[in-house]
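**Student:** I have a structure here, written as structure tokens, and I will follow up with some questions on it.
No lab work stands behind these numbers, since they all come straight from the coordinates. Everything numeric in this text was worked out from a predicted model, so none of it was measured. In this analysis, Cβ positions are derived from the backbone assuming ideal geometry, glycine residues included, and neighbour counts consider all displayed protein chains.
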Amino acid sequence: MEIIYNGKTYQVEDGSNGFLIAKTVDPEIKNKALGYRFNGHQFDMNWPLNEGGEVSFVMPEDPDGFETLNHSCSHMMAQALQHLFPGCLFGFGPAIEEGFYYDVDFGDRIVTEKDFDAIEKEMHRLSKEAIPFKRKEISPEEACEVFKNNHYKVEHIADLEGQISMYEQGDFIDLCRGPHVPNTSYLKHFKILSIAGAYWRGDSKNKQLTRIYATCWPTEEALKNHLEILERRKANDHRRLGRELGLFMISDFAPGMPFFLPDGQIVLNELVAWWREVHTEEGYYEITTPTMMSRKLWETSGHWGHYKDNMYTTKVDEDDYAIKPMNCPGAMLVYKNDIHSYRELPYRLCELGHVHRKEASGALNGLFRVRAFTQDDAHILIRRDQIESEVKRIMSIFDRTYNVFGLTYKIVLSTRPDDFIGEIEFWDEAERILADACEHSGHEYQINPGDGAFYGPKLDFKLRDSMGRTWQCGTIQLDVNLPHRFECSYIDEKGEKVEPVMLHRVVYGSIERFIGILIEHYGGAFPTWLCPVQVSVLPVNGAVHGEYAKKVADTLHEAGIRVKLNDENEKLGYRLRNSVVKKIPFTLVIGDKEVENGTVTYRVYGKQEQTTVSLDEFKALVLKSIKDKARY
């Protein structure tokens with residue numbers, strides 16, 4: 001049998017598994033590889049290969065390897081739980097971005113963080129035993145017999161078609177597509193992290209199970225680094241920092257609906273001002289649409305039929321109305337307000353629309369999960385031949401925006417789902433155009449098959465912050481549904497009416513959520529242009545140095561710099577510490593030397609060294625930092 005590995009051709013026996021292939025092509029990785037890929041599909045190392053083709057190996061440091069480690073470790077944790085809590089029933093236990101979880105029904109027993117040490121101890125024992133993972137394929141009827149004592153598994157089996165795969169390691173067995181590591185000895189560096197409640201299948205009508213979160217890494221050092229990042233995340237929690245820095249509050253009188261305090265409003269205003277500047281430069285028309293609109297509008301858009309349970313509704317003059325959960329229908333009405341020529345397209349509408357959506361109270365989380373938020377929407381009406389050029393133009397806005405904040409991203413192309421509307425030919429063309437837009441603009445992308453909206457494919461931009469977390473923010477969504485529902489049109493060069501295509505697009509997404517992300521990304525220490533207070537002026541002695549300190553503060557204020565004169569009757573050390581606690585970018589200390597020479601001595605946040613310059617030099621320094629949107 002002929003296989004290709006790293007561009008070279010090798011001969012191996014028919015039925016060779018991953019270990020035998022590795023022994024032939026690269027013996028050093030035989031006992032390191034977690035699995036192998038054949039013609040783009042991943043298999044267990046023990047799985048026999050019966051035809052020739054291209055082979056590569058899944059290593060622990062690969063993204064696929066990390067997922068395999070964590071998926072396998074979830075099975076090992078479940079086996080440990082089965083030993084420690086006999087009779088517990090297992091739901092789902094998938095790998096997730098930074099680890100894994102397992103949903104478990106412990107019956108009348110209550111499992112808490114106090115049980116973590118015992119669970120980890122049993123997991124380490126199982127790891128040392130090097131228990132092999134064995135794959136089996138059986139019929140649905142056989143699977144129901146195997147799992148007859150676990151109604152969660154039986155319910156899941158009913159959703160599956162054809163042969164069903166399961167994995168066995170020692171005395172534990174579970175439904176699973178795999179793949180898995182060869183045996184439990186590959187799973188050494190893990191940590192149980194937290195515990196929470198989770199309804200079976202995410203439905204609040206079902207029983208609440210116990211969800212145990214954990215993580216597994218290739219090395220002890222990698223695990224240690226990840227745990228350190230998790231501690232940083234706790235320290236950077238936007239809810240705590242938002243309270244300490246006086247940025248926002250949540251009231252019991254309006255759960256899930258943030259109040260921005262004066263300093264937080266400054267951050268929001270700066271983000272909005274820059275957003276407006278960018279969109280004006282890029283040829284967008286900003287609009288404002290009503291917060292509450294008639295049921296008839298939402299029926300036309302389809303939201304009433306598909307999204308009503310998530311909308312806040314009321315009666316006005318005996319007619320049904322709804323507070324908008326999305327801005328799209330309003331933008332359609334604005335477009336339809338006039339007749340449009342093909343020469344006007346792309347027609348770019350943008351809106352900072354305040355929307356409301358029902359969220360379960362238990363899901364609310366600071367600025368990350370709210371019921372009221374501002375969405376920086378844009379709805380762009382275009383001809384079909386303009387799709388690629390406009391998508392590339394939008395991507396350049398994303399690059400410009402995210403680069404300012406030091407946020408990297410990856411792009412995911414979500415393709416046609418099973419419940420799609422429209423012609424397959426259009427979907428194929430649209431998906432190809434979005435892929436081409438990525439490639440032709442130098443952006444890599446991944447494909448998420450079948451996850452597009454029913455009305456069109458989309459590009460999702462997954463941002464990665466300073467602590468390695470991924471956030472879904474930017475989206476470019478192709479839509480042929482709403483323009484059709486609202487009978488939108490433009491007049492083409494032949495004088496005939498033609499239905500446009502629409503691009504939905506957000507950059508920040510929810511501005512409130514984006515601020516939450518930035519708080520944690522920067523640890524509350526915003527770059528100068530965003531900071532509520534950009535300069536703190538501290539006279540050593542108010543009576544002696546206060547007059548000059550006020551002159552400095554007034555000069556900076558007149559230049560448009562947000563400055564605070566702190567001449568309180570407190571020791572200088574206390575006021576310096578307060579400036580650090582408030583994470584103010586520049587702190588000026590005014591003493592005898594500064595008064596005598598007409599200078600200022602400044603310290604940058606996070607640094608100990610002090611620098612003395614003229615007032616004009618310092619003013620220019622700060623203004624440049626603001627203009628360049630530099631960190632400091």
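**Student:** Going by the alpha-carbon gyration tensor, a ≥ b ≥ c the square roots of its eigenvalues, is the stretch 105-158 rounded (a/c under 1.5) or, if a/c is not under 1.5, prolate (a/b greater than b/c) versus oblate?
**Tutor:** Taking the square roots of the gyration eigenvalues as a ≥ b ≥ c, the stretch 105-158 is oblate.
**Student:** Hey, another quick one. Let me have the relative contact order for the chain, percent, based on Cα pairs under 8 Å that are six or more residues apart.
**Tutor:** 9 percent
**Student:** Quick check on my link table: of Lys23/Lys136; Lys32/Lys148; Lys324/Lys458; Lys296/Lys497, which ones sit more than 28 Å apart, alpha carbon to alpha carbon?
**Tutor:** Lys32/Lys148
**Student:** Could you work out how far helix 542-558 tilts from the main Cα principal axis of the chain, as a 0 to 90 degree angle to the nearest 10?
**Tutor:** Helix 542-558 sits roughly 70 degrees off the main axis of the chain.
**Student:** A follow-up question, please. When the Cα centres of the stretch 504-544 and the stretch 365-388 are compared, how far apart do they sit, in Å?
**Tutor:** What the calculation gives is 24 Å, centre to centre.
**Student:** Holding the Cα-Cα limit at 27 Å, pick out from Lys30/Lys128; Lys551/Lys571; Lys8/Lys392; Lys207/Lys308 the pairs that are longer than that.
**Tutor:** Check vs 27 Å cut-off fails for Lys8/Lys392.
**Student:** At a Förster distance of 56 Å, what's the computed FRET efficiency of Ile138 paired with Asp399, Cβ-Cβ distance as r, to 0.05?
**Tutor:** Efficiency computed from Cβ-Cβ geometry: 0.65.
**Student:** While we're on this one: Shape call for the stretch 54-139 from the C-alpha gyration tensor, a ≥ b ≥ c root eigenvalues: rounded (a/c under 1.5), prolate (a/b greater than b/c) or oblate?
**Tutor:** It comes out prolate by the Cα gyration axes.
**Student:** Where nothing but the Cβ of Lys and Arg (+1) and of Asp and Glu (-1) is charged, how large is the charge dipole of the stretch 44-176 around its Cα centre, in debye to the nearest 20?
**Tutor:** The dipole of the stretch 44-176 has a size of about 580 debye.
**Student:** Follow-up question, since we're still on this one. For the stretch 288-440, how big is the tail of P(r) above 27 Å, as a whole percent of Cα pairs?
**Tutor:** Distances greater than 27 Å cover 39 percent of the Cα pairs.
**Student:** Another question, if that's okay. Taking the Cα centre of the stretch 232-281 as origin and charging only Cβ (+1 Lys, Arg; -1 Asp, Glu), how large is the dipole, in debye to the nearest 20?
**Tutor:** The calculated dipole for the stretch 232-281 is roughly 380 debye.
**Student:** Pairwise over distinct Cα atoms, reciprocal of the mean inverse distance: report the Kirkwood radius of the stretch 155-262 in Å, one decimal place.
**Tutor:** After inverting the mean inverse Cα-Cα distance, the result is 18.7 Å.
**Student:** Sticking with this one: With unit charges on the beta carbons (Lys and Arg positive, Asp and Glu negative) and the dipole taken about the Cα centre of the chain, which residue among Gln534, His504, Ser625 sits farthest to the positive side?
**Tutor:** Comparing the listed Cα positions along the dipole, Gln534 ranks first.
**Student:** Working from the pairwise distances between different alpha carbons, so that the mean of 1/r is found and then inverted, what is the stretch 275-364's Kirkwood radius in Å?
**Tutor:** 14.9 Å
**Student:** Principal axis lengths of the stretch 486-551 from Cα atoms, whole Å, largest first?
**Tutor:** Its Cα atoms span 80, 29, 17 Å along the three principal axes.
**Student:** Across the Cα atoms of the stretch 355-478, what radius of gyration and what greatest pairwise Cα-Cα distance (Dmax) are found, in Å?
**Tutor:** Computed over the Cα atoms of the stretch 355-478, radius of gyration and Dmax are 15.8, 46 Å.
**Student:** With the dipole of the chain worked out from charges on the C-beta (+1 for Lys and Arg, -1 for Asp and Glu) around the Cα centre, which of Tyr402, Tyr307, Tyr5 lies farthest toward the positive end?
**Tutor:** In the chain, that residue is Tyr402.
**Student:** Can you say what percent of the DSSP beta bridges in the stretch 520-611, counting only those with both residues inside, are antiparallel? Round to 5.
**Tutor:** 45 percent
**Student:** Also, quick follow-up: Which of the lysines could be linked to Lys494 by a straight reach, that is with a Cα gap under 24 Å, when you skip same-chain ones fewer than 8 residues away?
**Tutor:** Lys336
**Student:** Please give the Cα centre distance for the stretch 129-181 versus the stretch 294-344, rounded to the nearest Å.
**Tutor:** About 47 Å separates the Cα centre of the stretch 129-181 from the one of the stretch 294-344.
**Student:** Given the peptides 329-337, 217-225, 74-82, arrange them by the average over their residues of other C-beta atoms within 10 Å, most packed first.
**Tutor:** The peptides rank, most packed first, as 74-82, 329-337, 217-225.
**Student:** Given the convex hull of the Cα atoms of the stretch 1-107, what is a quarter of its surface area in nm²?
**Tutor:** That works out to 7.9 nm², a quarter of the Cα hull's surface.
**Student:** Suppose we take every Cα in the stretch 459-577 and form the convex hull; what volume per residue is that in Å³?
**Tutor:** Spelled out: Cα convex hull of the stretch 459-577, divided by residues, is 174 Å³.
**Student:** At 37 °C and 0.692 mPa s, grab the translational diffusion coefficient of the stretch 410-512 from Stokes-Einstein with a Kirkwood Rh over Cα pairs, rounded to a whole number in µm² per second.
**Tutor:** The Stokes-Einstein estimate is 219 µm²/s.
**Student:** Could you size up the charge dipole of the stretch 222-350 around its Cα centre, putting +1 on the beta carbon of Lys and Arg and -1 on that of Asp and Glu, and report it in debye to the nearest 20?
**Tutor:** Dipole about the Cα centre, nearest 20: 420 debye.
**Student:** Looking at the chain, which Cys residues are left with no other cysteine's beta carbon under 4.7 Å from theirs?
**Tutor:** Here Cys88, Cys144, Cys176, Cys328, Cys350, Cys438, Cys473, Cys488, Cys531 come out as lacking a disulfide-compatible partner, given the Cβ-Cβ threshold of under 4.7 Å.
**Student:** List the trypsin sites (Lys or Arg not before Pro) in the stretch 468-522 that DSSP assigns to loop (not H, G, I, E or B) and whose Cβ has at most 10 other Cβ atoms within 10 Å. Which are they?
**Tutor:** Taking the stretch 468-522 and a limit of 10 other Cβ atoms within 10 Å, the loop trypsin sites (Lys or Arg not before Pro) found are Lys494.
**Student:** Hey, how much of the P(r) for the chain falls beyond 44 Å, as a percent of Cα pairs?
**Tutor:** Cα-Cα pairs of the chain separated by over 44 Å account for 37 percent.
**Student:** Now a separate question. Count charges around Leu297 for me, please; just the other residues with Cβ under 15 Å from its Cβ, Lys/Arg as +1, Asp/Glu as -1.
**Tutor:** Here the charged neighbours net out to +2.
**Student:** Which of the trypsin sites (Lys or Arg not before Pro) found in the stretch 529-574 are loop residues per DSSP with 11 or fewer other Cβ atoms within 10 Å of their Cβ?
**Tutor:** Sites meeting the loop and neighbour criteria: Lys571.
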